[in-house]
Amino acid sequence: MKSAVETLNPTRVRLTVEVPFEELKDSLDAAYKKINQQVTVKGFRKGKIPARVIDQRFGRGAVLEEAVNDALPKFYTEAINEAELNPLGQPEVDITELKDGELLSFTAEVDVRPEIEIPDYSGIEVEVDAVEVSDEDIEKSVEQLRNRFASTNTVERAAAEGDVVTIDLEAKVDGEVLPDGVASDVSYTIGSGELLDGIDEAVTGLEAGGEATFTSQLKGGSAEGKDAEVTVKVTKVAAKELPELDDEFAQMASEFDTLEELKADSRKRLENMKQYDQATQAQERVLEKLIELAEIPVPEKLLEDEVNTRKHNLEHHQLGQMGLTLEKYLEFQGKTVEEFEAETKEQAVKGIKTQFLLDALVNKEKLNVNQEELTEHLMRRAASSGMSPDQFAQAVVEGGQVPMLVGEVARGKALALVVESSKVVDTNGEVVDLSDDEDEVEQAAEVAAEAVDGDAEAEAK
């Protein structure tokens with residue numbers, strides 16, 4: 001076999017392949033054997049029909065077609081490996097010549113990973129939010145904990161903000177009660193904003209037994225997005241009683257003996273959360289700068305496929321689970337179809353560029369992924385997907401997605417390498433050192449996966 005490569009553009013090549021006929025022998029033998037099992041000829045046992053009889057009865061052309069279809073993938077793969085190409089997607093194959101007993105010639109056009117020159121990233125500098133925890137943040141955190149330990153007592157008075165009311169609901173559209181528009185004994189905290197728009201105003205001031213009617217746009221169900229006439233009846237009003245903020249509360253709600261210890265722990269937890277967010281922000285901004293520095297061509301067909309995949313995942317997975325159509329989603333988001341299309345394309349371009357660039361960096365720096373790193377990544381992905389580690393691992397193995405996870409960790413290591421070489425300062429002008437972060441690689445892997453896939457959890461489900 002002889003092959004030659006023509007570069008059509010930075011992301012597409014044309015292979016020209018010539019195969020001497022003797023190299024088709026195995027495929028010809030396989031073609032005769034396959035046809036032997038499919039046809040019957042009087043006077044011959046099934047599977048024992050001579051080749052010359054098959055040629056006479058069914059035509060040599062049918063045999064050649066079967067043999068060529070069998071041989072093409074093998075010779076295409078050999079040509080790709082010989083040229084050391086990284087193909088993307090399926091090739092467009094065209095048989096240019098087929099001379100029985102002499103020669104098979106074909107061309108194959110395919111998108112390939114472009115050769116990427118890694119830019120000098122030592123001068124990258126980004127600014128991130130400073131880690132600041134205010135007394136107000138602490139008070140809010142403690143208040144949330146306090147609300148979790150609140151008790152309720154039934155009261156004989158009109159409902160007010162903060163009260164917990166038990167209500168019955170009935171929704172009508174165009175005068176008809178919706179089949180899924182009736183609910184009883186619903187517990188609702190006034191002011192929480194967890195139910196329909198307008199309900200707070202409707203129930204405030206009502207005592208047990210009172211009812212009111214208001215109009216609200218339905219957020220889900222069979223009449224989602226439509227204006228409904230909603231009747232709400234209050235069956236019980238209960239007042240929340242919050243525990244006193246003292247050492248006794250700290251002992252009840254936590255492992256601490258004093259309220260001051262509880263508040264100190266809240267501060268520490270909030271600082272850790274903000275430090276994690278700060279590190280994520282640094283990685284995202286460093287990645288954006290790195291992409292800006294590099295010249296990364298994007299194959300048109302790959303981009304088209306990626307855009308379609310993202311749209312499909314949004315419509316049939318994320319929105320489907322919420323009972324939303326794309327049209328309703330865009331309406332809620334206040335976006336036009338054109339804006340959505342442009343945004344999806346922009347995200348897809350970023351995803352492709354991220355993968356190309358970080359993979360090139362992995363190869364350049366010869367970054368490897370060990371079993372411990374892969375296991376840790378698998379555990380995190382399992383937790384975020386709501387599956388047990390064993391279930392997630394089984395799904396990954398059965399779906400042939402182990403290389404995908406390895407790639408995510410490797411890209412995380414590449415991004416972490418760039419971040420360590422970059423200068424990160426906060427909004428106060430202080431230099432941020434992320435090198436001591438034990439979760440740096442795993443966090444970077446999540447950032448890179450989000451950029452590449454748009455939905456880091458979607459692949460293994």
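Among residues of the stretch 157-174 being modelled with pLDDT of 90 or more and outside any strand (DSSP E or B), the one that is farthest from SER216 (Cα to Cα) is ARG157. Restricting attention to the stretch 88-120, the residues that are outside any strand (DSSP E or B) and either among the charged types (D, E, K, R) or over 27 Å from the mean Cα position of the chain (by Cα) (or both) total 8.
Scanning the stretch 34-73 for residues that are in a loop (DSSP other than H, G, I, E, B) and within 30 Å of THR107 (Cβ to Cβ) yields one hit, GLY59.
Would you be able to say whether some residue in the stretch 4-17 is polar (S, T, N, Q), part of a strand (DSSP E or B), more than 19 Å from ASP100 (Cα to Cα) and in contact with a helix residue (DSSP H, G or I) (Cβ under 7 Å, 6 or more places away or on another chain)? The answer is no; no qualifying residue exists. Checked against (1) without any contact (Cβ under 8 Å) to a residue 24 or more places away in the chain; (2) crowded, with 16+ Cβ neighbours inside 10 Å, ALA108 meets all criteria but (1). Would a scan of the stretch 129-149 turn up a residue that is more than 30 Å from LYS263 (Cβ to Cβ), in contact (Cβ under 8 Å) with a residue 60 or more places away in the chain and aromatic (Phe, Trp, Tyr)? Looking for residues that are more than 30 Å from LYS263 (Cβ to Cβ), in contact (Cβ under 8 Å) with a residue 60 or more places away in the chain and aromatic (Phe, Trp, Tyr), one finds none in the stretch 129-149, hence no.
Taking into account only those residues within the stretch 217-239 that are within 17 Å of GLY323 (Cβ to Cβ) and surrounded by 17 or more Cβ atoms within 10 Å (Cβ to Cβ), which is modelled with the lowest pLDDT? Checked the stretch 217-239; the qualifying residue modelled with the lowest pLDDT is ALA223.
Residues that are at pLDDT 85 or above and part of a strand (DSSP E or B) occur at least once in the stretch 19-33.
Okay, residues lined up against (1) farther than 30 Å from ALA253 by Cβ; (2) over 39 Å from the mean Cα position of the chain (by Cα):
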{"residue": "ALA150", "(1), (2)": "no, no"}
{"residue": "VAL182", "(1), (2)": "yes, no"}
{"residue": "LEU206", "(1), (2)": "yes, yes"}
{"residue": "ALA228", "(1), (2)": "yes, no"}
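Which number in (1) within 22 Å of the chain's Cα centre (by Cα); (2) touching a residue at least 24 places away in the same chain (Cβ under 8 Å) marks the one condition that VAL418 misses? Among (1) within 22 Å of the chain's Cα centre (by Cα); (2) touching a residue at least 24 places away in the same chain (Cβ under 8 Å), the lone unmet condition for VAL418 is (1).
When GLU292, GLU339, GLU284 are checked against the criterion of being assigned to a helix (DSSP H, G or I), farther than 30 Å from VAL13 by Cβ and more than 20 Å from the chain's Cα centre (by Cα), a single residue qualifies: GLU339.
Among the conditions (1) modelled with pLDDT under 95; (2) out of contact with any Phe, Trp or Tyr (no Cβ under 9 Å at 6 or more places or on another chain); (3) farther than 30 Å from PHE149 by Cβ, the only one that LEU287 does not satisfy is (1).
Just one of the listed residues (LYS335, LYS353, LYS311, LYS328) is out of contact with any Asp or Glu (no Cβ under 9 Å at 6 or more places or on another chain) and basic (Lys, Arg), namely LYS353. Here are some residues: ALA130, ALA150. Which one is closer than 30 Å to LYS289 by Cα and among the hydrophobic types (A, V, I, L, M, F, W, C)? It is ALA130.
A single entry from LYS311, LYS301 fulfils the requirement of being outside the structural domain of THR11 (by TED's automatic domain parsing), without any contact (Cβ under 8 Å) to a residue 40 or more places away in the chain and surrounded by 13 or more Cβ atoms within 10 Å (Cβ to Cβ): LYS311. Selection over the stretch 420-436 of residues that are under 17 Å from LEU287 (Cα atoms), aliphatic (A, V, I, L, M) and loosely packed, with under 10 Cβ neighbours inside 10 Å gives a count of 0.
Residue selection: THR325 fails the criterion of being surrounded by 17 or more Cβ atoms within 10 Å (Cβ to Cβ), of a type outside the set (A, V, I, L, M, F, W, C) and in the same structural domain as VAL425 (by TED's automatic domain parsing).
Counting the residues of the stretch 76-105 that are touching a helix residue (DSSP H, G or I) at 6+ places or on another chain (Cβ under 8 Å) and either in contact (Cβ under 8 Å) with a residue 40 or more places away in the chain or of a type outside the set (A, V, I, L, M) (or both) gives 10. The selection criterion, being touching a residue at least 60 places away in the same chain (Cβ under 8 Å) and either under 30 Å from PRO297 (Cβ atoms) or among the charged types (D, E, K, R) (or both), does not hold for GLU398. Listed conditions (1) surrounded by 14 or more Cβ atoms within 10 Å (Cβ to Cβ); (2) out of contact with any helix residue (DSSP H, G or I) (no Cβ under 6 Å at 6 or more places or on another chain); (3) assigned to a strand (DSSP E or B) are all met by SER187, apart from (1).
The values are calculated or read from the model by the stated rules, or taken from the named source; none is laboratory data. Everything numeric here is computed off the predicted structure, so don't read it as measured data. A quick note on method: Cβ atoms are made from the backbone with ideal geometry, for glycine too, and the neighbour counts reach across all protein chains shown.
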